[in-house]
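Taken together, the values in this text are just the output of simple stated rules run on the coordinates, not laboratory data. A quick note: this is a predicted structure, and the numbers were derived from the prediction, not measured. We place every Cβ from the backbone using ideal geometry, glycine too, and count neighbours over all the protein chains shown.
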Amino acid sequence: MTDHLSDLDVAELFPRTPFSPDAPTPRISVLGTGYLGATHAVAMAQLGMEVVGVDTDPHKVAALAAGKVPFFEPGLDELLEEQLASGRLRFTTDVAEAVGWADVHFVCVGTPQTKTSHAADLRFVEAATTAIAENLTHDALIVGKSTVPVGTGARLRELVARTQPAGVRTELVWNPEFLREGKAVQDTLHPDRIVMGGTTPESEALLRRVYAGPIAEGSPVVVCDLPTAELVKVSANAFLATKISFINAIASVCEAADADVTVLADALGHDTRIGRQFLDAGLGFGGGCLPKDIRALMHRANELGAHQASSLLQQVDEINMGQRARVIELALDACEGSVLNRRVGVLGAAFKPHTDDVRDSPALNVAAALHLRGAQVTVYDPQAGDTARASFPTLGYATDVEEAVEGADVVLVLTEWDEFLDAEPARLASLTRRPHVIDARGRLDARRWTDAGWSFAGLGRTAA
């Protein structure tokens, strides 16, 4: 007979109680290993916790377990390999094992736009939450990070109450994500704010233990009710979208008045109430977050009877989408009214630099539209070439800037990669058939390009 209890005996006699202030360091599960989930899982391990990432896609799990991030995000590959080697991070498709092992469960699945309306599709959030509730073996905290319409958390709490085993204490709170693609690692490890919505004193204390590192560094903590937490991310995205559409609307005034919107934005940016960020007039916003988030907020605002907010966001969306048509008009003007059989060099495929994400990319939308008008379109992007080719296989693709502009009748700068902004315009001009450039991001030095022999056009930059 032994004097020591086995690990199993201890677990049965003293079940894990993560809400206790003297409980061990909480174990973390992250359901969903897409862009948000993979980044969050790696960052939680970097912060010193044991983490398991869970996904239904075995290929994604196998890639991550092998140290391969299935998308481009600066710094994440190296951090993934480091945390796998540390033993604190692993990945699985076994949700029951992961939920039974962990104490804090982060829901990090996607909330795409539904096919029939602007509403958010919550099937994946509901499925992940149900899977957690069904497989709970001890007290736990469920933390929503996915971007959801206000009111979702309250419904999920009812779902958990109906589904979880008897005798298990569970709380569901919301802790929205604020990742910027291209800066996601920094934003997770050193967040500019941590929002905790719908917490009790016990669950707030547990989340503060999870985020102890960033909080010790000085990251502000905002504790609020559940609906407010659900609104923070979509409201932030709606504000940024409004700022972008505002400067694009002013760009049309600048064109009519022979002004330069870039200089105007510089002057506005000196006003501390406004700031210079997100005041670059041009092709507008895209990606997997801003467009679908503002549309989901528009839809939810209508459901709640907040019609002024819905009307504002409708205008923001329309102004943004109109910028794509305006860039196509500039390309047609540069080719004397028709791009049929003209060569068009497109610099940029990702919706923004420092990512390979082409979801709702304005750059690819413009490139495809010109292709449909008969243009011979050649696209180059430093990171998004493969993802762009998968979505738009009929376009031509180059391996560098020179190949993209060779023999071109017009060149469009559609994503503001540094490689494009720092390119040598004289060298590129010599490769084109006709040196016409359209700066659709408002970032090129117009004088530098015109001095090199280029005909220059940009949105709201008549004076340039």
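List of remarks:
- Relative contact order (%) - criterion: Cα under 8 Å, at least six apart; region: region 321-464: 24 percent
- Counting Lys and Arg as +1 and Asp and Glu as -1 over every other residue whose Cβ lies under 10 Å from the Cβ of V30, the net charge comes to 0.
- Maximal additional length on extending the R155-T399 stretch stands at 82.9 nm, based on 0.36 nm per residue less the C-alpha distance.
- Net charge in the neighbourhood of Q113 (other residues with Cβ under 13 Å of its Cβ; Lys, Arg +1, Asp, Glu -1) is +2.
- Residue order, fewest to most beta carbons within 10 Å, for S117, S361: S117, S361
- Using the Karplus relation 6.51 cos²θ - 1.76 cosθ + 1.60 with θ = phi - 60°, the per-residue 3J(HN,Hα) values for region 380-390 come to 9, 9, x, 10, 9, x, 5, 5, 5, 4, 5 Hz, with x marking Gly and Pro.
- Peptides 282-292, 50-60 ranked from most to least packed, by the mean per-residue count of other Cβ atoms within 10 Å: 282-292, 50-60.
- In terms of surrounding Cβ atoms within a 10 Å radius of their Cβ, I438, I244, I319 rank from fewest to most as I319, I244, I438.
- Between the beta carbons of I274 and A166, assuming R0 = 41 Å, the FRET efficiency works out to 0.15 to the nearest 0.05.
- Taken over the alpha carbons of the chain as equal point scatterers, the Debye sum produces base-10 log I(q)/I(0) values at 0.06, 0.09, 0.10, 0.11 Å⁻¹ of -0.31, -0.66, -0.79, -0.93.
- Largest-first ellipsoid semi-axes for region 238-458, taking √(5λ) over the Cα gyration tensor eigenvalues, angstrom: 29, 21, 15
- Take the Cα of A205, go 7 Å toward its beta carbon, and the backbone nitrogen atoms of region 20-50 under 16 Å from that spot belong to 20-26.
- Acute angle (nearest 10 degrees) that the helix 123-134 long axis makes with the longest principal axis of the chain, alpha-carbon atoms: 10 degrees
- Remark: spin-label model distance A267-S20 equals 6.6 nm, labels positioned 7 Å along the Cα→Cβ axis.
- Relative contact order (%) - the chain, alpha-carbon pairs under 8 angstrom, separation at least six: 12 percent
- The C-alpha atoms of the chain define a longest principal axis, and helix 362-372 lies at about 50 degrees to it.
- Principal axis extents of the C-alpha atoms in region 7-224 (largest first, rounded to whole Å): 45, 44, 38.
- The order of the peptides 390-403, 152-165 by mean Cβ neighbours within 10 Å, most packed first, is 152-165, 390-403.
- Once the chain from E406 to T93 is taken as fully extended at 0.36 nm per residue, the excess over their C-alpha distance is 108.0 nm.
- For M196, the residues 5 or more places off, or on other chains, whose built amide H falls under 5 Å of its own are V222, V223, C224.
- Mean projected area of the convex hull spanned by the Cα atoms of region 107-200, taken over all viewing directions: 7.3 nm².
- Model label points for V222 and R433, set 7 angstrom from Cα along the Cα-to-Cβ axis, are 5.3 nm apart.
- Footprinting exposure proxy ranking of C108, C224, fewest other C-beta atoms within 10 angstrom first, gives C224, C108.
- Here r is the Cβ-Cβ distance between R448 and K183 and R0 is 30 Å; the resulting FRET efficiency, rounded to 0.05, is 0.60.
- Theoretical FRET efficiency, 1/(1+(r/R0)^6), r = Cβ-Cβ of D57 and N341, R0 45 Å, to 0.05: 0.60
- For region 150-267, alpha-carbon Rg relative to the globular expectation (2.2 N^0.38 Å, N residues): 1.50
- 222 nm mean residue ellipticity, helices alone, for the chain (DSSP H n ≥ 4; -39,500 (n - 2.57); rounded to 500): -14000 deg cm²/dmol
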